[in-house]
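Okay, so here's the structure we're looking at.
The values are calculated or read from the model by the stated rules, or taken from the named source; none is laboratory data. Computed from a prediction, not measured in an experiment: that's the story for all the values here. Cβ placement follows ideal geometry from the backbone for every residue including glycine, while neighbour counts extend to all protein chains displayed.
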Amino acid sequence: EKRGFPNYMLKEIHEQPQALRALIGDCLIKDEGDVLLEGLGLDDEALRSFDRLCLVACGSSWHAALIGKYLIEEQCRIPVDVEIASEFRYRNPIISETTLVIPISQSGETADTLAALREVKGRNRRVVSICNVIDSSIARESDGIIHTHAGLEIGVASTKAFTNQVVALYLLAIRLGRATGTISRNRGLEMIADLTELPDLVEKTLKLDFNAEEIACEHLTACDAIYLGRGICYPVALEGALKLKEISYVHADGYPAGEMKHGPIALIDRDMLVFVLAPRDRHLAKVRSNMEEVVTRGGRVIALCSEGDEETGKKAEFTLSIPWAGETLSPLLFNVALQLLAYNFAILKGKDVDQPRNLAKSVTVE
Ligand code: M6R
């Protein structure tokens, strides 16, 4: 059932285009610049009644939530809080009647996320979950659901489920923005057009010759890695770092590139591997100067740039050219490249990518 792949993780990475098509499927209302999310159970009037969203999750699902914050706040102009479930549940959180709480979980069984949901439900607040397992506890106990349709994910590292969580949030942004009027029909049409191209672009990204194996080979002895990104690429940096640490056991951290000067830059030397996410978005000039700072201090930079940008990565040891999918969706393609890099590191180190040590696919105990 690995369909010719050596492990589930690589199979699931390559299943992303089809998983995306399954999610997007027929929920797009193309003429209207809107989407149909029947499982939400919220009509336009109900959606208009919320003045805040609260996304609650753990691990990669929390990273997806962070991306969701950038995209929903930008498109819908509604404040979005993002909470780590294990912190949220014990904090006696403040949730007003006009807050929509959205737990995000691949498995639907994560203990902390489920406990957070129960805490919120106990206060009679509305909960809509984003979940990949339709008959899971989280899906069942929510008032509404956006099913991520990624299919069964067996590898412990979240890959296709993460991608579909982000797209589920993108769909929610369109629905919410159309209901509240912050997204015009034309803007909705543009967002849908970008989304429709995404599965093919993921396919293209998967086929690119990244030298992922060569990069991993060259840096196999590295013990530490930093991932830098700005804006919507900051949570992608966190996700890239988590992927590397959980399957290859290389210590890795993600930072907002602008935070470098506030501490992490002290770590930079020849032994520090630095992945820089540099799409051609509004932050490019700033990210380039962060990259310069790393290079000047002897850090070994692997730059991920947008296709056609020959300049940004010039001083890096390696440059990966990533297709362009617009400011909002390009980060997902960068993430696919980071998945492949982490995968190659782990395989060359001889690690079991599907069952990394000490980890379980679904964390059902605290
Ligand atoms: O099933 P969930 O999405 O609730 O799981 C949350 C985390 O345990 C999960 O994302 C974990 O961080 C993954 N191993 C990351 O690859």
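Please go through region 320-364 and pick out each residue that is assigned to a helix (DSSP H, G or I) and in contact with a strand residue (DSSP E or B) (Cβ under 6 Å, 6 or more places away or on another chain). First the steps, then the outcome.
Taking region 320-364 as the starting set, the residues that turn out to be assigned to a helix (DSSP H, G or I) are 326-348.
Those that are assigned to a helix (DSSP H, G or I) and in contact with a strand residue (DSSP E or B) (Cβ under 6 Å, 6 or more places away or on another chain): L333, F334, A337.
Hey, among the residues in region 154-211 that are part of a helix (DSSP H, G or I) and aromatic (F, W, Y), which one's surrounded by the most Cβ atoms within 10 Å (Cβ to Cβ)?
If we filter region 154-211 for residues that are part of a helix (DSSP H, G or I), which is where we start, we get 160-180, 185-207.
Filter again for aromatic (F, W, Y), leaving 162, 170.
Values: F162: 29, Y170: 26.
If we take residues in region 154-211 being part of a helix (DSSP H, G or I) and aromatic (F, W, Y), then F162 is surrounded by the most Cβ atoms within 10 Å (Cβ to Cβ).
Please specify each residue of region 28-49 satisfying the condition of being of a type in the set (A, V, I, L, M, F, W, C), crowded, with 19+ Cβ neighbours inside 10 Å and part of a loop (DSSP other than H, G, I, E, B).
L37, L42
Search region 124-147 for residues being within 20 Å of L47 (Cβ to Cβ) and part of a loop (DSSP other than H, G, I, E, B), and hand back the single one that is nearest to the ligand (Cβ to nearest atom).
Here the answer is S142.
Is it the case that region 220-234 has a residue that's aliphatic (A, V, I, L, M), in contact (Cβ under 8 Å) with a residue 12 or more places away in the chain and assigned to a helix (DSSP H, G or I)?
No, region 220-234 contains no residue that is aliphatic (A, V, I, L, M), in contact (Cβ under 8 Å) with a residue 12 or more places away in the chain and assigned to a helix (DSSP H, G or I).
Any residue at all in region 88-106 that's of a type in the set (S, T, Y) and crowded, with 22+ Cβ neighbours inside 10 Å? If you could, list the steps in order and put the result at the bottom.
Filtering region 88-106 for residues of a type in the set (S, T, Y) gives 90, 96, 98-99, 105.
Still in the list and also crowded, with 22+ Cβ neighbours inside 10 Å: 105.
Checked against the condition, which is being of a type in the set (S, T, Y) and crowded, with 22+ Cβ neighbours inside 10 Å, region 88-106 yields at least one hit.
Do the conditions hold for K361, that is, is it within 16 Å of the ligand (Cβ to nearest atom), surrounded by fewer than 17 Cβ atoms within 10 Å (Cβ to Cβ) and of a type in the set (K, R)?
Values: within 16 Å of the ligand (Cβ to nearest atom): yes; surrounded by fewer than 17 Cβ atoms within 10 Å (Cβ to Cβ): yes; of a type in the set (K, R): yes.
Answer is yes for this residue.
Specify the residue that is surrounded by the most Cβ atoms within 10 Å (Cβ to Cβ); the eligible residues are those in region 1-25 that are basic (K, R) and more than 14 Å from Q339 (Cβ to Cβ).
So the first thing to find is which residues in region 1-25 are basic (K, R), and the list is 2-3, 11, 21.
Add one more test, that the residue is more than 14 Å from Q339 (Cβ to Cβ), and what stays is 2-3, 21.
Details: K2: 13, R3: 8, R21: 15.
It comes out as R21.
Mind listing just one residue for me: the one in region 193-250 that is β-branched (V, I, T) and closer than 28 Å to A285 by Cα and, of those, modelled with the lowest pLDDT? Outline the logic, then answer.
If we filter region 193-250 for residues that are β-branched (V, I, T), which is where we start, we get 196, 202, 205, 215, 221, 226, 232, 236, 247, 250.
After this cut, where a residue has to be closer than 28 Å to A285 by Cα as well, the list is 202, 205, 215, 226, 232, 236.
Values: V202: 98, T205: 96, I215: 85, I226: 96, I232: 97, V236: 98.
Only one residue fits best here, namely I215.
Restricting to region 259-299, name every residue that is under 20 Å from K245 (Cα atoms) and either of a type in the set (D, E, K, R) or in contact with a Pro (Cβ under 8 Å, 6 or more places away or on another chain) (or both).
Once the filter is applied, which keeps residues that are under 20 Å from K245 (Cα atoms) and either of a type in the set (D, E, K, R) or in contact with a Pro (Cβ under 8 Å, 6 or more places away or on another chain) (or both), region 259-299 yields D269, R270, D271, L277.
Find the residue count for region 311-328, including only residues that are without any contact (Cβ under 8 Å) to a residue 40 or more places away in the chain and surrounded by fewer than 17 Cβ atoms within 10 Å (Cβ to Cβ).
First, the residues of region 311-328 that are without any contact (Cβ under 8 Å) to a residue 40 or more places away in the chain: 311-315, 319.
The next check asks that each one be surrounded by fewer than 17 Cβ atoms within 10 Å (Cβ to Cβ); those that pass are 311, 314-315.
Count: 3.
Would you mention how many residues in region 92-114 are free of Cβ contacts under 8 Å to residues at least 40 places away in the same chain and either closer than 22 Å to H147 by Cα or not in a loop (DSSP other than H, G, I, E, B) (or both)?
The total comes to 2.
Which number in (1) more than 27 Å from L20 (Cα to Cα); (2) in contact with an Asp or Glu (Cβ under 7 Å, 6 or more places away or on another chain) marks the one condition that S321 misses?
(1) is the only condition that S321 fails.
Count, please, the residues in region 230-265 that happen to be of a type in the set (S, T, Y), more than 25 Å from W324 (Cα to Cα) and away from the ligand (no atom under 16 Å from the Cβ). Please lay out each step first, then the result.
The first filter runs over region 230-265 and keeps only residues of a type in the set (S, T, Y), leaving 234, 248-249, 255.
The next check asks that each one be more than 25 Å from W324 (Cα to Cα); those that pass are 248-249.
Now narrow it down to the ones that are away from the ligand (no atom under 16 Å from the Cβ): none.
Qualifying residue count for the region: 0.
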